[in-house]
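The next block holds one structure in the form of structure tokens; read it before the comments.
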Amino acid sequence: MATDDPTTVAREVVEAFNAADWDRFRAVLADGIVYEETGTGRRVEGAEEYVRLCQGWRQAFPDVTGTIQRVVAEGGTVAEEIAWAGSHQGPLETPGGTIPASGAQVEALGTLWVTVSGGEASAIRHHLDVLALLRQVGALPGA
């Protein structure tokens, strides 16, 4: 993708993920991208590592899609509020261990803060409602 528009790059990150088009997804990532998932504490560096992490999410939720609800941009930073929805059909790898497939339909809100430099996403912070996600897959006691 040849664009310097940060909003277009940030939108492409979500759209390529939704399509599970990993070549398209990789094309908008800077080689040294830093990804942080605030709800889980995960942090990965490098485009290949980030692609693998996203592929893991898709293995756990093969039909997951993110619907961008709001976008705010300033300079090279774009914030996207996203409604994630899918079914938990595979093992979910977490920093605390693996959660087996539950078959549950899941909906969780998240916000991606995407920093764009030179037409590529160079940093992404994902604020995901992990508590809602864990509750819906039955991973919390009494949930």
Handout entry: Size of charge dipole - the stretch 47-143 - debye, nearest 20, with Cβ of Lys, Arg +1 and Asp, Glu -1, no other charges
Key = 200
Problem - Placed amide H near ILE82: partners under 5 Å, 5+ positions off or other chain - result: GLN69, GLY110, THR111, LEU112
Exercise for the section: Using a 1.4 Å probe over the heavy atoms of the protein chains, calculate the carbon and sulfur portion of the accessible area of the chain as a whole percent. Expected result: 50
Exercise for the section: Extending each Cα 7 Å along its Cβ direction at ASP63 and GLU45, get the distance between those two points in nm, one decimal. Expected result: 3.9
Completion exercise
Per residue, accessible area of the chain with a 1.4 Å probe, heavy atoms of protein chains only, in Å², comes to 49
Exercise for the section: For the stretch 1-97, just the Cα atoms, rotate onto the principal axes and tell me the three extents in Å, largest first. Expected result: 38, 27, 25
Problem - Shape parameters for the stretch 45-132, alpha-carbon atoms, Rg then Dmax in Å - result: 14.0, 41
Fill in the blank from the handout: Using the Cα gyration tensor of the stretch 37-78, the equivalent ellipsoid's semi-axes, largest first and to the nearest Å, work out to 22, 17, 11
Completion exercise
Any trypsin sites (Lys or Arg not before Pro) in the stretch 34-143 that lie in a DSSP loop and have at most 11 other Cβ atoms within 10 Å would be none
Problem - Label point distance in nm, ALA104-ALA20, each placed 7 Å from Cα along Cα→Cβ - result: 2.2
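The values are calculated or read from the model by the stated rules, or taken from the named source; none is laboratory data. These numbers come from a predicted model, not from an experiment. Positions of Cβ are generated from backbone atoms using ideal geometry, with glycine treated the same way; all protein chains shown enter the neighbour counts. Note: accessible area is taken over every heavy atom of the protein model, side chains too, but ligands, DNA and RNA are not part of it. Shrake-Rupley method; radii C 1.70, N 1.55, O 1.52, S 1.80 Å.
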